Amino acid sequence: MAWASAPGKVILLGEHAVVFGEPAIAVALDLRTKIRIDGRGTSIMVNGEPLQEKLHLPHVHQALALTGEPWGPLDIRIESAVPRASGLGSSAALSAALIAALQEARGLKPQPRDVARLAFEVELAVQEGRASPTDTSTSVAGGAVLVDSVKGPGLLWDLERGGKHWFLHRLNLAKPPALVVGHSGERAPTGQMVAMVHERVRRDPRDLQRIRSLGALAREGAKALSASDFRGLGQLMDRAHADLRALGVSTPRLDELVHAARKRSFGAKLTGAGGGGSIIALTEHPNDVAAALRTAGCDPIVASVTPRGLEAGA
Ligand code: PMV
């Protein structure tokens, strides 16, 4: 029997900007996807139910192909506490854990950089080439990760694809912040939002300015996070939300949730691709923020940053 587990994530700063080579910061959350693989049997179960073909099968197919087919009959059990399609990196956690569990099943010891690279390949194939390695690398590394197009201190690994080069760095966290995630109940495919922003930036130089501003906020945020300056980090998050809004990726519902969360937070913003999905709030009062979000009609998740990235064994 082989097993692996990997956490979900949130992007604190730099979404969309990272697609243009600007930096982004993401943190791993204490919500995990766990996988067990048995050599016997031929079933794939997700949270006790048979696998949903559209949601999980493309990831399973890609992971099997990337870990060296042919595979005999396999019994794969997936248990995930990461909510799907919420901007919390559920597919990245699935890809990373699946690759590592399959490597364990082959008798190999999964290497973090190698799993990060292969899990990114899975995401690229499933999302038709529209993905940065932020989610998958954060899931593998755990803790806080800075993604940049240039190399800096704390380098974990680098990844190249289609003429783009990403450097993944460890950000040290003395005291991990509390985060509250609120889902808007709206959904928009990441690829569609990325394409929309590309089009806007091509047409309007003010949108390119906003991308640069989001990158600068992420760079400052990396310093604030490393210094445990949550007040400063919260202010940067508020400013990033304003830029994301001006870029056209927020929605009235996301704005409403951000507004509700801010009263008891250092800062709050949409996280991930936008057009729906989730907001995050950085706070010392997670229960108050959760209550405010509940009043605003959503079902919040109080999460903390976990230093535990990919884990695997046999
Ligand atoms: O939808 P999410 O949480 O995976 O975030 C997408 C972040 C983008 O910067 C918009 C795209 C990317 O691949 O980095």
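The values are calculated or read from the model by the stated rules, or taken from the named source; none is laboratory data. None of these values were measured; they are calculated from a predicted model. Neighbour counts run over all protein chains shown; Cβ positions are idealised from the backbone, glycine included.
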Identify, by number, the condition in (1) within 16 Å of the ligand (Cβ to nearest atom); (2) surrounded by fewer than 22 Cβ atoms within 10 Å (Cβ to Cβ); (3) of a type in the set (Gly, Ala, Ser); (4) within 16 Å of the chain's Cα centre (by Cα) that residue 21 doesn't meet. (4)
Any residue in region 295-312 that is assigned to a strand (DSSP E or B), over 19 Å from the mean Cα position of the chain (by Cα) and surrounded by fewer than 16 Cβ atoms within 10 Å (Cβ to Cβ)? no
Region 158-195, residues that are modelled with pLDDT under 95, within 16 Å of the ligand (Cβ to nearest atom) and of a type in the set (A, V, I, L, M): 188, 193, 194, 195
Some residue of region 216-237 being out of contact with any Gly (no Cβ under 6 Å at 6 or more places or on another chain), loosely packed, with under 15 Cβ neighbours inside 10 Å and closer than 14 Å to residue 17 by Cβ: no
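Quick check on my filter: what residues within region 280-301 are over 17 Å from residue 237 (Cβ atoms) and aliphatic (A, V, I, L, M)?
290, 291, 296, 301
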For residue 34, indicate whether it is surrounded by fewer than 19 Cβ atoms within 10 Å (Cβ to Cβ) and basic (Lys, Arg). yes
Residue that is part of a helix (DSSP H, G or I) and either under 30 Å from residue 242 (Cα atoms) or within 16 Å of the ligand (Cβ to nearest atom) (or both), where the choices are 85, 92, 97: 92
